[in-house]
1. Check I313: other-chain or 5+ apart residues with amide H under 5 Å from its amide H, H built from backbone geometry?
2. Pop the C-beta distance of R632 and R108 into the FRET formula with R0 = 56 Å and round what comes out to the nearest 0.05.
3. Rounded to whole Hz and in sequence order, give me ³J(HN,Hα) for the stretch 387-396 from the Karplus expression 6.51 cos²θ - 1.76 cosθ + 1.60, θ = phi - 60°, writing x for Gly and Pro.
4. Which percentage, to the nearest 5, of the DSSP beta bridges contained in the stretch 294-444 is antiparallel?
5. Can you give me the % of accessible surface on the chain that is carbon or sulfur? Probe 1.4 Å, all protein chains present, nothing else counted.
6. What list of ³J(HN,Hα) couplings, whole Hz, do you get for the stretch 228-239 from phi and the Karplus terms 6.51, -1.76, 1.60, once you set θ to phi - 60° and write x for glycine and proline?
7. Rounded to the nearest 20 Debye, what is the dipole magnitude of the chain about its Cα centre when Lys and Arg each give +1 and Asp and Glu each give -1 at the C-beta?
8. Sort 151-162, 258-269 for me by packing, meaning the mean count of neighbouring Cβ atoms within 10 Å per residue, highest on top.
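The values are calculated or read from the model by the stated rules, or taken from the named source; none is laboratory data. Computed from a predicted structure; not experimentally measured. Don't worry about glycine lacking a Cβ; one is built from the backbone with ideal geometry, like all the others, and counts go over all protein chains shown. Protein only, heavy atoms only, side chains kept; ligands, DNA and RNA dropped before computing areas. Shrake-Rupley method; radii C 1.70, N 1.55, O 1.52, S 1.80 Å.
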Amino acid sequence: MKKLLLSAALAALCVTAAAQARKNVLELAVDAPGIPIQPTMYGIFLEDINFAADGGLYAEKICNRSFEYENPLQGWKSFGKVEVRTDEAPFERNPHYVRFGYQGHPARQSGLQNDGWFGIGYEKGADYKLTFWARTAGKPKEVGLAAILVKPQGEGENQNLALAEITVKGSKWARYEATLTSPITLEKGAFRLLLWDEDPQAAVDVEHISLFPAETFNGDGNGLRKDLAQALADLHPGILRFPGGCIVEGTTLENRYQWKNTVGPVENRPININRWNYGTFERMFPDYYQSGGLGFYEYFRLAEEIGAEPVPIVSCGMACQFQNDPDWHPNCSMDDLRTYIQDALDLIEFANGSPKSKWGKVRAQMGHPEPFNLKYLGIGNEQWGAEFIERFIPFMEAVRARYPEIKIIGTSGPYLGGEWFDDLWKEMRRLDVDLVDEHYYSWEGFYEKNAGRYDSYPRTGPKVFAGEYACHGSDGKKFNHFNAALLEASFMTGLERNADVVVMSSYAPTFAHVEGWQWRPDLIWFDNLRVMKTCSYYVQQLYAANKGDRAIPITVDGKPVVNADGLNASAAIDEATGDIIVKVANLSPYSQTLYFALPAEVKSGERITLHSDNPVAENSLDAPETIVPVSRTLDFTPVADPDNAWLLGVRRQPDGSVEYSERLGGRTFVVYRFHRN
Ligand code: AHR
């Protein structure tokens, strides 16, 4: 009897002590009207940097397929009698082509080898579709060619993996095609096209040699690499911002991104030297050009296929301000600005105009008579200064006059704060733009302290588009460490809590080829065969997949959950399911017990955690699943022993409401979905 009394007394003491010590009680204003979270909130920024498009997402395997690089045979190895020509070319905007001639002996070959970008990836059993344009160029009216998938390295006796013979007939340019199947998986393959004819007078002209996997994303022609495009789709993006970034501006205006060069038949799209070809002296990539193959039609199509609003950014007549001294006069004259404005107006017509309009017709002819429903237009990328405002004003006025329904995106420049930023914001407010594109690549300290960045922003005026951001490790540690992703997750609670201010966001950059990057960290890494999703990718995905429709207030111990002992949190309601969604980042290295006060109807739920014990751990192509979200179902049936239920777990309060508590590990990001139905 004595013993029993003692243990009861002890238990009571413990409960009282625990109740007094109780900390981290999270309260959710479930019935508050909340702030609508826009469907555009979490998106993607796609720029052809790090071989993201040519050599990456764009499924073309052949580098310099049209022989238009500054050195027309760059990307190719030629052997035998091969001549680059430009007379009577089939495509006026891509005038170079090659002529193969007889080498003087049947055993000697004339032809070309292409190694793609860092090799050509082939998958076992996959079909590859070869297309090219050709005509005979000698006496014989029929000339044989051989197309070969090649394994250039290795000890095997036969380099040729698959061979197709093609007969070119007649002296008129015509399109030829063949399908080759790879018998093996190979990361660094090559492709050869040879004159395959013993007639000493045989000669053939060849142009636009293209090799695509037969399977592309969504089965699209001129399509995208399936695995990479799927990785984008799996982000559930609300927007797709394209095509840049700095490539919009160009190093000079001549090599700015010109959308009109990227539509219509691919054979006639002129190439452009990529601004990231020589982006940095330390990492030069002389074979980095833009084929225009992944052009504006393909960007709009991709946006539509992955359910994202297209957000194109256009040049405002200013070459990259980082790469140019104003004394060099890198910008267009105010008279010439009209051309840039017209390009933007034509772009809107291309996207939305009737198939009878000039540019709507181009879209329709490409296979999309229905409009793409463009709603946003970004004018300029990272611009600043009086020269920008001077150009921005007539630009915006012209677009608004013609298309008042289009929302205009301005900019706050390249930095997260400071004089330029403040001046630009002032101007953007004065001009009443719809959205301002903010960029902030910054170190851990910024992300640690700034989950409250938008708490004090004005609630009226232009909305924020956090168009480029990423946490960069300090001391040159620009890797995709877990800790960087955790800090991004923590920062993003602030985007969500301030959904009345921030209506769009996108991490940047998105893609990087492991052998061809100019900038890091990046969201998704790939090689010729594989794809790797970083921890930052999973953060973006967790936010978008668990976005909710209405942000509701959340407090911890009666105060906002903003830098609260290492905790940052946001909460939202999913109107369709009724789920209460809570996102919590615990930045502290220590675990903390959280107590959720939940409404009575919560019976079950889900908890998805992203965690690593090692803050500098990261995923890699060889170990892509080192750190991945881990999901667990939650059961809100009260624990059997009500006296001890307060320790950890579920407790029904006398009013029926639920108290759910759990120990959240140190340095952890977690998404809770509390089901009410
Ligand atoms: O995302 C990489 C670059 O960063 C973009 O091209 C530019 O807008 C920014 O400076």
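1. Amide H neighbours of I313: F242, G244, G378.
2. E between R632 and R108, to the nearest 0.05, is 0.25.
3. 4, 5, 4, 4, 8, 5, 4, x, 4, 5
4. Values: 1 of 9 bridges.
About 10 percent, rounded to the nearest 5.
5. Numbers: 14260 of 27010 Å².
Here carbon and sulfur together make up 53 percent of the probe-accessible area.
6. Residue by residue, the stretch 228-239 yields 6, 5, 5, 4, 5, 4, 5, 7, 6, x, x, 9 Hz.
7. Numbers: 68 positive and 89 negative charges, 197 e Å.
That gives the chain a dipole magnitude of about 940 debye.
8. Details: 151-162: 12.3, 258-269: 18.9.
The peptides rank, most packed first, as 258-269, 151-162.
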